[in-house]
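Notes follow the structure.
The values are calculated or read from the model by the stated rules, or taken from the named source; none is laboratory data. As the structure is a computational prediction, the values presented were derived from the model and not from experiment. With ideal geometry, Cβ positions are generated from the backbone for all residues, glycine too; neighbour counts draw on all protein chains shown.
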């Protein structure tokens, strides 16, 4: 009555619609009845609506599901009962999906590209706006994947397809578009492409140009730029920026100088000076520092100072000054120069003053140079000027303190961070690293770790895969299984396939660790199986082998059965998986487990019986004291088209050694081999005489061996003697073989004794030679 209520496991946290799309994939794989198209359409719309609202990217595994769902929705059904019409995806939903795909995922795959292509095909016939949205997304995905050649062809096709459009549609839809409008109003562009706004077309070609640059294709970069020049689009900052970045990637000093001048001139001609990218200025100046091109850097700074730079550019100049060796005090005097430049500006909104962004840029530079002392001095300089640290400052402190393994210092910075505005979530990556460091530290207790983790959880912030993996192991070590399941269900379904693999492999490694108790390893495996259904065959086979090694064949067989019951082709067992399972049961000598796996093989129509597979069955049944049954598979091997291998003969002889009246079967096999003139080496003779001795007829085995020596068919060595000795049943038989061997082959016997000997409880002795057989 007063028993504590059973804790409910948290339901998996998925994006809206994802579960239905997963169901479609699973039912398609099973070739079962598929869900209603109306349901899949709703799932598709809900999924992209949620992504659009949250501003999140579509990860690779989600793109694969979305692509399958889109194709399903676009494919006409074979039959439509009651005259129902095919549910079509609404145009706005397709347009929204195309917009969402522009968010950068962790990894762009062919599924992203194919999804973008399919959306583009659906949108291009609707209107210019739809066509443009689809083409922007499709070209962007191709460039991310590293297919600029295809992207170029798509843009050319877009140019040919589009005709004149209304003047109103040329109005830019965002500030970014305003900033990229061609200020020269190229007549060549207007005449060549009356229907395409120049700033849109330039954006497309700039993406292609940048993609060729990333691949290092100088010839293609030059050819693409010539296409851009022919269209009169070469004067936009986007193109200049792409060429400048390409020149820096090639360490082309002349190219950098030329394209910086072009970029700066284009910005100077524009009416809005904000278009000057402080990030690009910072990259160019950092290149100058890294490549010891100080003259070029000083020239760029002079150019910037002539245009009365905006505050973000001032920050980049201050970082440059720090990089050229100016000390903290000199940077402070430069602050005074910055403030003095405001004298001619009436509107205080445009005044340049050092602020927390300035200090953070300087601190970040010091950290990049592994100079935490200077970083702290910059923070002190800011305080002296009334500039207090903000959230990013403490985030930077956490980062460099964690880098030098100062976990206590990072924890102090984290506590200071709690008083700041964290609505932007810029602290989340650093806090994730802090959680991992605390978990790995021996000096901090569980409650400290969980307090930091709870803060992220309460804010519904992102947990990085490594954080989730680390916390999972922490909970597993405390047998807090519900917490592990809740943690994984909350975060794992929002990860990309690579990120899921990170978490999954960490927990699998925990299972495989010999220090992990078998009960915890089993619990962890069950969690992996439920949350990571995509776990492929190889790690599952490793887990199965691990449970065999832990002397838990029952658990190992459960792992095998889970593979057998799966519907994914990359998870279901192969012949090699069956062989591994059979050898595992042989090692543990567990007949019950062997029969379970064997019965599964009988029912598996995907598996063709091979000689290796039958060899494994012979080994397994022989090890499980069913040698007579094992020899039935030898008959199957002989009757098969593939026939026996040399390993098969060794395996069969080992079964004869353990089987009642096996010496007769061994003689029969040997006789057939002799008739077929099969070459017999000393290891083959060792297996044969051991099979004869295994049924108590050691005298006959010795006689056969002596006759072979006389005929020159075999040379007796330590392995042959050891096999004959260990194959003999009973202490008396072993003693007889020992006396004969010492008298007949004393040198080989001494060599055998050097391998070491073990004596069992029943008095039987075994030498330290490897008599194992393999399929």
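Below is a table of values for the structure above.
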{"item": "Residues satisfying the stated conditions in the range 545-563, i.e. under 14 Å from residue 599 (Cα atoms) and surrounded by fewer than 18 Cβ atoms within 10 Å (Cβ to Cβ)", "result": "561"}
{"item": "Considering residues of the range 133-177 that are more than 21 Å from residue 95 (Cα to Cα) and modelled with pLDDT under 50 only, the residue surrounded by the most Cβ atoms within 10 Å (Cβ to Cβ)", "result": "164"}
{"item": "Test: residue 474 is surrounded by 18 or more Cβ atoms within 10 Å (Cβ to Cβ) and either touching a residue at least 12 places away in the same chain (Cβ under 8 Å) or touching a helix residue (DSSP H, G or I) at 6+ places or on another chain (Cβ under 8 Å) (or both)", "result": "yes"}
{"item": "Candidates 368, 375, filtered to the one that is under 44 Å from the mean Cα position of the chain (by Cα), surrounded by fewer than 18 Cβ atoms within 10 Å (Cβ to Cβ) and without any contact (Cβ under 8 Å) to a residue 40 or more places away in the chain", "result": "368"}
{"item": "Qualifying residues in the range 378-403 (those that are touching a residue at least 24 places away in the same chain (Cβ under 8 Å) and assigned to a loop (DSSP other than H, G, I, E, B)) - the one farthest from residue 332 (Cα to Cα)", "result": "390"}
{"item": "Odd one out for residue 401, checked against (1) closer than 22 Å to residue 474 by Cα; (2) surrounded by 15 or more Cβ atoms within 10 Å (Cβ to Cβ); (3) at pLDDT below 90", "result": "(1)"}
{"item": "Index of the failed condition, residue 316 passing every other in (1) surrounded by fewer than 19 Cβ atoms within 10 Å (Cβ to Cβ); (2) within 17 Å of residue 286 (Cβ to Cβ)", "result": "(1)"}
{"item": "Residue tally, condition under 24 Å from the mean Cα position of the chain (by Cα) and assigned to a helix (DSSP H, G or I), over the range 7-23", "result": "5"}
{"item": "Count of residues meeting criterion [over 22 Å from residue 571 (Cα atoms) and either surrounded by 18 or more Cβ atoms within 10 Å (Cβ to Cβ) or in contact with a strand residue (DSSP E or B) (Cβ under 6 Å, 6 or more places away or on another chain) (or both)] in the range 495-519", "result": "1"}
{"item": "Count of the range 672-705 residues which are in a helix (DSSP H, G or I) and loosely packed, with under 13 Cβ neighbours inside 10 Å", "result": "3"}
{"item": "Pairs with Cβ under 7 Å, 6+ apart, first in the range 333-346 and more than 16 Å from residue 358 (Cβ to Cβ), second in a loop (DSSP other than H, G, I, E, B)", "result": "345/351"}
{"item": "Test for residue 645: is it within 50 Å of the chain's Cα centre (by Cα), buried (at least 23 other Cβ atoms within 10 Å of the Cβ) and touching a residue at least 24 places away in the same chain (Cβ under 8 Å)", "result": "no"}
{"item": "Checklist (1) closer than 21 Å to residue 649 by Cβ; (2) in a helix (DSSP H, G or I) applied to residue 609, failing item", "result": "(2)"}
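Here is a yes/no grid of residues against (1) surrounded by fewer than 23 Cβ atoms within 10 Å (Cβ to Cβ); (2) in contact with a strand residue (DSSP E or B) (Cβ under 6 Å, 6 or more places away or on another chain); (3) closer than 26 Å to residue 159 by Cβ; (4) at pLDDT 95 or above:
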{"position": "38", "(1), (2), (3), (4)": "yes, no, no, no"}
{"position": "44", "(1), (2), (3), (4)": "no, no, no, yes"}
{"position": "55", "(1), (2), (3), (4)": "yes, no, no, no"}
{"position": "75", "(1), (2), (3), (4)": "yes, no, no, no"}
{"position": "94", "(1), (2), (3), (4)": "no, no, yes, no"}
{"position": "120", "(1), (2), (3), (4)": "no, no, yes, no"}
{"position": "126", "(1), (2), (3), (4)": "yes, no, yes, no"}
